[in-house]
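The next block holds one structure in the form of structure tokens; read it before the comments.
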Amino acid sequence: MPKDDRPLILLADDDPSIADTLAPFLERAGFHVLTVSDGAAALDKIRSRRPALVILDVLMPRMDGREALRRIRRENLWLPAILLTQVGESSERALALEEGADDYLNKPFDPHELLARIRAVLRRARPGERSLSASWTLSALDLVLDRKARRASLKGDPLDLTPKAFAVLEYLMTHPDECVSRERLLEAVWGWEYPAGTRTVDTRMAELRRALNDDPESPRYIETVPAEGYRFAAPVKGE
Amino acid sequence: MDPRSTLRDLLIKAINSRVTRFVISVLPLAAGLLATIYVQNFLDPVPILAFRVDIGIAALLFGSFLTLLLGAYFFGDESRGWFARGEMDDVRREMEENRRQFIRRLDHEIKNPLTGLQAALVNMSEASADADRRRAGENARHALERLKRLLADLRKLAELENRPIERLPVDVPALLEDVTEAVRSLPAAQDRKINLLIARVPWPFPPVTGDRDLLSLVFYNLLENALKFTARGDSVEARTLEDGKAIVVEVADSGAGIAPAELPKIFDELYRGVNARGTEGSGLGLALTRRIVILHGGSLEVRSRQDDPRGTVFTVRLPAARK
């Protein structure tokens, strides 16, 4: 039998209707999928099989996804992780970031969206290295983001940002060089769908650019990708 | 724990207990009685007034007066509690009834798309032609979208209960311009006129303190509703002015109007009026809209007529931010 060189994905969800339908979908997309139904089993499999990526549901028996992720990171395992949150509260998402999830999706989600997230996260991943999502301080050119204190500064001067604008900047900086659609930003930062949402995003982006003194024509930080979304163009370092 | 505060708590509890209150009330009467007996039996009555009221009787009178006073005060306090308890029972009954009604309506809202989904899945597995299968897939997706929208709106409503809202200055006319622009791109807007009137003379608008995104949801919902319940050729108008205390936004349409009997219920969660039976939507839009307006310290009212000239006007009042 030839060696399986498809990337191995570990899917941890206690609901069989989700695991049983997502696994074949991801297999068709060219991944090798392993499913487990609780956090403790996920931890075991990560130690023994070293998957390329783990997808964790938050609410699971025995050990929930958040606790599992915390332990994974404590063992210095820096494999990319996507958290499937069930509760739509923004605090939940902030927590997901705090525990070092590389991305997160709200249930219910379109499986294609999950696939897009998996590919983006794998592309960004530097195996064995601490990911930007798990870093407390992010810096790019003159910009420094202190995620714990929720403060940003440019050349040492503090920036006056609304909490939303800060969250947008945080999401962009933890996903550098990735084209982030307005819909994705809405879901990740606002957590809600807004009917007039794309404008909502553009308003915040204008606020951010003013604060960063970034010229949309020749941006140093945030690029507009026509008809697609935004991209954080400056190289980001995490600490 | 601080021992002094425990002592104070104990003292307050003791004073508030019914037994203590009774004892305190009766104490003056008893003291007066004792004083009378003491004076009558052991001392020679000492006249203090010309018509021979001795000091014992005086003490008795004073004691009973005090007892009456204290008793009346404590009784008043107690009975207020009884009335409040009655009101609480009413409120609880009403909440219980609301909850039951909400579940009935929710059941109804879930049943329809689920039936559609079930049928679509059967069609998908039994149909032989590719075109039929594709149509079944479309139907399934449509039913799914309805369920997702319902779930999303339910979650919004739940989140509004406990998440802090942003409190920043919001420029309402600019927000209305954005929202109107977004609504104009909806398919239903293509054959209806949408006007936006902003009363800018003589003063610029003061800002409103609040959450811009939530407020945009308010105006979007009202405008989208206006489009839903109007026909081709009808007009929809959004207008705003400030009256010194508040910013007033009206969203008006020349549509079919709402029956007077339905008018008080349209803000209820999942309530659907007769006209709304066939339309898309989660049935939570107006409930959500009102909730957001109230969170901003404002009010939302509606006027509607079904006879000629017919139409509906929603009025949002949001307190202007103080300088």
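The values are calculated or read from the model by the stated rules, or taken from the named source; none is laboratory data. Because the structure is a prediction, the values reported are computed rather than measured. Note that we place each Cβ from the backbone using ideal geometry, even for glycine, and neighbour counts take in every protein chain shown.
What is the residue count in the range B:196-213 for residues that are part of a loop (DSSP other than H, G, I, E, B) and basic (K, R)?
1
Which of the residues belonging to the range B:162-176 are out of contact with any Gly (no Cβ under 8 Å at 6 or more places or on another chain) and either assigned to a helix (DSSP H, G or I) or among the basic types (K, R) (or both)?
Across the range B:162-176, the qualifying residues are B:N162, B:R163, B:V172, B:P173, B:A174, B:L175, B:L176.
Please state which of the following conditions B:P309 fails to meet, knowing it meets all the rest: (1) in contact with a strand residue (DSSP E or B) (Cβ under 6 Å, 6 or more places away or on another chain); (2) over 22 Å from B:E181 (Cα atoms).
B:P309 satisfies all of (1) in contact with a strand residue (DSSP E or B) (Cβ under 6 Å, 6 or more places away or on another chain); (2) over 22 Å from B:E181 (Cα atoms) except (1).
May I ask you to list the residues in the range A:208-223 that are buried (at least 16 other Cβ atoms within 10 Å of the Cβ) and in contact (Cβ under 8 Å) with a residue 12 or more places away in the chain?
A:L208, A:R209, A:A211, A:L212, A:P219, A:Y221, A:I222
Can you name the condition, by its number, that A:E207 falls short on among (1) outside any helix (DSSP H, G or I); (2) within 14 Å of chain B (Cβ to nearest Cβ)?
Failing condition for A:E207: (1).
Okay, residues lined up against (1) basic (K, R); (2) assigned to a strand (DSSP E or B); (3) farther than 24 Å from B:P187 by Cβ:
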residue	(1), (2), (3)
B:L215	no, no, yes
B:L227	no, no, no
B:G244	no, no, yes
B:I247	no, yes, yes
B:A252	no, yes, no
B:Y271	no, no, yes
B:V293	no, no, yes
B:E301	no, yes, yes
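Which members of the range B:1-24 meet the condition of being at pLDDT 70 or above, more than 15 Å from B:E78 (Cα to Cα) and among the hydroxyl-bearing types (S, T, Y)?
The answer is B:T6, and nothing else.
Out of B:E145, B:E159, report the one residue that is closer than 23 Å to A:A196 by Cβ and at the interface with chain A (Cβ under 10 Å from one of its Cβ atoms).
B:E159
Can you name every residue in the range B:177-195 that is more than 11 Å from chain A (Cβ to nearest Cβ) and either part of a strand (DSSP E or B) or in contact with a helix residue (DSSP H, G or I) (Cβ under 8 Å, 6 or more places away or on another chain) (or both)?
Matches in the range B:177-195: B:A188, B:A189, B:R192, B:K193, B:I194, B:N195.
Condition check: in contact with a helix residue (DSSP H, G or I) (Cβ under 6 Å, 6 or more places away or on another chain), under 30 Å from B:V179 (Cβ atoms) and not β-branched (V, I, T). Does A:R182 satisfy that? Give the derivation first.
Numbers: in contact with a helix residue (DSSP H, G or I) (Cβ under 6 Å, 6 or more places away or on another chain): yes; under 30 Å from B:V179 (Cβ atoms): yes; not β-branched (V, I, T): yes.
So A:R182 fits the description; yes.
Looking at (1) among the aromatic types (F, W, Y); (2) farther than 29 Å from B:L106 by Cα; (3) surrounded by 17 or more Cβ atoms within 10 Å (Cβ to Cβ), find the lone condition where B:F219 falls short.
Unmet condition: (2).
Considering the range A:14-54 alone, what residues qualify as being within 23 Å of A:R126 (Cβ to Cβ), in a helix (DSSP H, G or I) and not small (G, A, S)?
If the condition is that a residue be within 23 Å of A:R126 (Cβ to Cβ), in a helix (DSSP H, G or I) and not small (G, A, S), then A:L26, A:L43, A:K45, A:I46, A:R47, A:R49 are the ones that fit.
Determine which member of the set B:A174, B:A189, B:A152 is at pLDDT 90 or above and small (G, A, S). Working first, answer last.
On the way: B:A189 fails: at pLDDT 90 or above; B:A152 fails: at pLDDT 90 or above.
Every option except B:A174 fails the conditions.
Hey, could you check the range B:115-142 for residues that are within 14 Å of chain A (Cβ to nearest Cβ) and among the aliphatic types (A, V, I, L, M) and say which is farthest from B:N221 (Cα to Cα)?
B:L121
Return the residues of the range A:192-204 that are closer than 16 Å to B:K156 by Cβ and facing chain B (nearest Cβ under 8 Å); say none if nothing qualifies.
Going through the range A:192-204, the residues closer than 16 Å to B:K156 by Cβ turn out to be A:192-197, A:200.
Result: A:W192, A:E193, A:Y194, A:P195, A:A196, A:T200.
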